[in-house]
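For reference, the structure discussed in these notes is given below.
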């Protein structure tokens, strides 16, 4: 039971780590919202974090059969947003084509801010979960000390 209790911290910690990484990617998107030239060539493309549920196999207490259980979340990758680039008329821009059009990144600041708020709230929820678990453990230890 004790090991399974600490698994709750592992689940929340994986959520903290994943949401922190998501916030870093969002911050990078915002920083590159006007980048029309990347090392790969062309304008910056918005990045999105891909999460996957972690599964841990453990031996069941009776009979030794392996069972799967959820064990948090992990970042499995970062992929480019395939949405269309915005074309802006700016003939004086060094990256303008023959018609004066510049391909701008597909980053939309309002969407990024909503994603940042969502990631931040998810991070805070995982942090609250860890704090609540810590308080329960402290209360349990206090009760056990009082009984001895």
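The values are calculated or read from the model by the stated rules, or taken from the named source; none is laboratory data. This one's a predicted model, so the numbers in the text were calculated from it and none came from an experiment. Every residue, glycine as well, gets a Cβ built from its backbone with ideal geometry; the counts of neighbours run over all protein chains shown.
Observations, loosely collected:
- Test: residue 49 is under 15 Å from residue 18 (Cα atoms), at pLDDT 95 or above and part of a strand (DSSP E or B): yes
- The condition of being in a helix (DSSP H, G or I), in contact with a helix residue (DSSP H, G or I) (Cβ under 6 Å, 6 or more places away or on another chain) and at negative phi holds for only one of 117, 130, that being 130.
- Selection count, the stretch 7-37, where residues are exposed (fewer than 15 other Cβ atoms within 10 Å of the Cβ), part of a loop (DSSP other than H, G, I, E, B) and in contact with a helix residue (DSSP H, G or I) (Cβ under 9 Å, 6 or more places away or on another chain): 0
- Counted residues, the stretch 95-127 - those being under 23 Å from residue 38 (Cβ atoms), under 28 Å from the mean Cα position of the chain (by Cα) and surrounded by fewer than 13 Cβ atoms within 10 Å (Cβ to Cβ): 3
- Just one of (1) surrounded by fewer than 15 Cβ atoms within 10 Å (Cβ to Cβ); (2) in contact (Cβ under 8 Å) with a residue 24 or more places away in the chain; (3) on the phi < 0 side of the Ramachandran plot; (4) assigned to a loop (DSSP other than H, G, I, E, B) fails for residue 40. It is (2).
- Contact annotation: residue pairs with Cβ atoms under 6 Å, 6 or more positions apart or on different chains, pairing a residue in the stretch 89-110 that is free of Cβ contacts under 8 Å to residues at least 40 places away in the same chain and on the phi > 0 side of the Ramachandran plot with a partner that is part of a strand (DSSP E or B) and loosely packed, with under 15 Cβ neighbours inside 10 Å, are 100/89.
- Here residue 87 does not qualify as modelled with pLDDT of 95 or more and surrounded by 15 or more Cβ atoms within 10 Å (Cβ to Cβ).
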